[in-house]
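Since the structure comes first, as structure tokens, the remarks are kept for the end.
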Amino acid sequence: MSTARTQTRAPGRVRAVTSLANPLVKDIRALAMKKFRDQQGAFVAEGLKLVIDALNLGWTIRTLVHAKAGRGNPAVEKAASRVVAAGGDVLEVSEKVLAAITRRDNPQMVVGVFTQQTRPLNQVRPADDEVWVALDRVRDPGNLGTVIRTVDAVGAKGVILVGDSTDPFAIETVRATMGSIFAVPVVRASTDAFLEWRRQFAGLVVGTHLKGAVDYRSVDYSGQPVLLVMGNEQQGLPDAITEACDRLVLIPQAGRADSLNLAVATGVMLFEIRRKALVMPEVER
Ligand code: SAM
């Protein structure tokens, strides 16, 4: 799913680090800033389960950082061995270093530094009844993370970030995805590239708009690829993207709120579009 190539790497190294001045720690802390994430092509994700899921999904881990307290924990040691075998490094650090890396007082015991992966737009060719979400200039990391998580939950295929968007690899975004950042392909595209790509999209392009004239529940989304297009938190969809939609739908509201939160509106839409595909799990009686 990625632009990163899988390569066989020499085994990594295990080190103990206690100082915030250590250059390896400084490099990881710098990933709190977008400039350094872009320069290094890397990002931080927190939590042992999430790191294991990412490894299982084939993401490249550069460094696994774990608290001293993780020594002797079979799950942490197993993950560390996997990381070293895959060519990543392992840092055993003090709680103070972990707190500085995650900027949290009570950090998780394990943090992973991964290579960023995005999918090029020209590799996105939705077929059958696949659903993709395009977000126009999404600003809020929490919204983006929640949308990625919801896309994963409903079995939609991926997210296209159109225009100048918040960073999908910011720690706040990654946190809000609850691990779905590793399962959902993310595409970045300029507005022009997106509009060009949309011209050959053979399916239904549904824009959500406060001036939409169609109730979102009255559209038949089945039997075709669907591209759901969501607007910016402050400005909604610009005219060029609005005009590129086949349908403009409204989620009717009662009460005094002008609009729904972007992530909530995306969730409402996705559960409707994927309604027939979502089945209740078997419950043992
Ligand atoms: N002031 C903005 C506007 O005029 O569009 C509000 C944007 S709203 C917070 C963010 C996005 O969520 C909208 O662009 C639209 O895609 C979607 N949205 C929110 N509430 C909606 C509703 N009731 N019906 C359809 N789309 C909605």
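The values are calculated or read from the model by the stated rules, or taken from the named source; none is laboratory data. All of these numbers come straight from a predicted model, not from anything done at the bench. Every residue, glycine among them, receives a Cβ derived from its backbone with ideal geometry; neighbour counts consider all protein chains shown. These accessible areas exclude ligands, DNA and RNA; they are computed on the full protein's heavy atoms, side chains included. Shrake-Rupley method; radii C 1.70, N 1.55, O 1.52, S 1.80 Å.
For Ile181, indicate whether it is open to solvent by less than 20 Å² (accessible area, probe 1.4 Å) and either over 18 Å from Thr60 (Cβ atoms) or outside any helix (DSSP H, G or I) (or both).
Values: open to solvent by less than 20 Å² (accessible area, probe 1.4 Å): yes; either over 18 Å from Thr60 (Cβ atoms) or outside any helix (DSSP H, G or I) (or both): no.
No: the conditions fail for Ile181.
Which of (1) closer than 22 Å to Val174 by Cα; (2) more than 21 Å from the chain's Cα centre (by Cα); (3) surrounded by 17 or more Cβ atoms within 10 Å (Cβ to Cβ) is the odd one out, the single condition Asp105 does not satisfy?
(3)
Out of the residues in the range 200-242 that are β-branched (Val, Ile, Thr) and open to solvent by 10 Å² or more (accessible area, probe 1.4 Å), state the one that is farthest from Phe271 (Cα to Cα). Working first, answer last.
Our first condition is that a residue be β-branched (Val, Ile, Thr); within the range 200-242, this holds for 205-206, 208, 214, 219, 226, 229, 241-242.
After this cut, where a residue has to be open to solvent by 10 Å² or more (accessible area, probe 1.4 Å) as well, the list is 208, 214, 219, 242.
On the way: Thr208: 14, Val214: 17, Val219: 13, Thr242: 22 Å.
So the residue we want is Thr242.
Please pick out the residue among Ile52, Ile148 that is open to solvent by 40 Å² or more (accessible area, probe 1.4 Å), touching a residue at least 12 places away in the same chain (Cβ under 8 Å) and in a helix (DSSP H, G or I).
Details: Ile148 fails: open to solvent by 40 Å² or more (accessible area, probe 1.4 Å).
Of Ile52, Ile148, the one residue that is open to solvent by 40 Å² or more (accessible area, probe 1.4 Å), touching a residue at least 12 places away in the same chain (Cβ under 8 Å) and in a helix (DSSP H, G or I) is Ile52.
Filter the range 228-254 for residues that are of a type outside the set (D, E, K, R) and assigned to a helix (DSSP H, G or I); which is farthest from the ligand (Cβ to nearest atom)? Spell out the reasoning first.
Of the residues in the range 228-254, the ones of a type outside the set (D, E, K, R) are 228-232, 234-238, 240-242, 244-245, 248-254.
Then drop every residue that is not assigned to a helix (DSSP H, G or I), which leaves 240-242.
Numbers: Ala240: 14, Ile241: 10, Thr242: 10 Å.
Applying the filter and picking the extreme gives Ala240.
Mind listing whichever residues of the range 255-274 are open to solvent by 80 Å² or more (accessible area, probe 1.4 Å) and either touching a residue at least 12 places away in the same chain (Cβ under 8 Å) or within 11 Å of the ligand (Cβ to nearest atom) (or both)?
To start, the set of residues in the range 255-274 that are open to solvent by 80 Å² or more (accessible area, probe 1.4 Å) comprises 256, 258, 271.
Listed by number, the residues that qualify are Asp258, Phe271.
Residues to consider are Gly203, Gly207; find the one that is more than 20 Å from Val147 (Cα to Cα) and either more than 11 Å from the ligand (Cβ to nearest atom) or touching a residue at least 24 places away in the same chain (Cβ under 8 Å) (or both). Even if it seems obvious, please write down each step before you answer.
Values: Gly207 fails: more than 20 Å from Val147 (Cα to Cα).
It is Gly203.
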